[in-house]
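The values are calculated or read from the model by the stated rules, or taken from the named source; none is laboratory data. All figures in this text were calculated on a predicted structure; none of them were measured in a lab. Quick reminder, even Gly has a Cβ in these numbers, built from the backbone with ideal geometry, and neighbours come from all protein chains shown.
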């Protein structure tokens, strides 16, 4: 698995948007935020958003994003092991999160 944090919203959008659309109903919140960020990266404030993807052989398995000071939002995934990998990557970066939102 290849974890990646993005600084460029355009790069992240190219990866995240098609993946999020695959399960549009489950991913409506991250989709809306992603589209808003693409239009204006500072729409939710001046602090840089957290933009994350996890891929396996170039196939996207998980997307996560956060617009501080809000909770981290995790996309729908059918591979729950990806959540553990996400938490490992966030821990490596010493990310402090107020909370997490995800699918049921």
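For the stretch 1-28, enumerate the residues that are in contact (Cβ under 8 Å) with a residue 12 or more places away in the chain and more than 15 Å from residue 62 (Cβ to Cβ).
Across the stretch 1-28, the qualifying residues are 7, 9, 10, 13.
As an exercise: evaluate residue 79 against (1) at pLDDT below 95; (2) touching a helix residue (DSSP H, G or I) at 6+ places or on another chain (Cβ under 9 Å) and give the number of the one condition it does not meet.
Here residue 79 meets the rest and fails (2).
Working only within the stretch 69-85, note down all residues that are under 12 Å from residue 100 (Cα atoms) and in contact with a strand residue (DSSP E or B) (Cβ under 8 Å, 6 or more places away or on another chain).
Scanning the stretch 69-85 gives 71, 72, 73, 74, 75, 83.
Tell me the residue from 58, 104, 96 that is over 19 Å from residue 19 (Cα atoms) and free of Cβ contacts under 8 Å to residues at least 24 places away in the same chain, please. Even if it seems obvious, please write down each step before you answer.
Working: 58 fails: over 19 Å from residue 19 (Cα atoms); 104 fails: over 19 Å from residue 19 (Cα atoms).
Unique residue meeting the criteria: 96.
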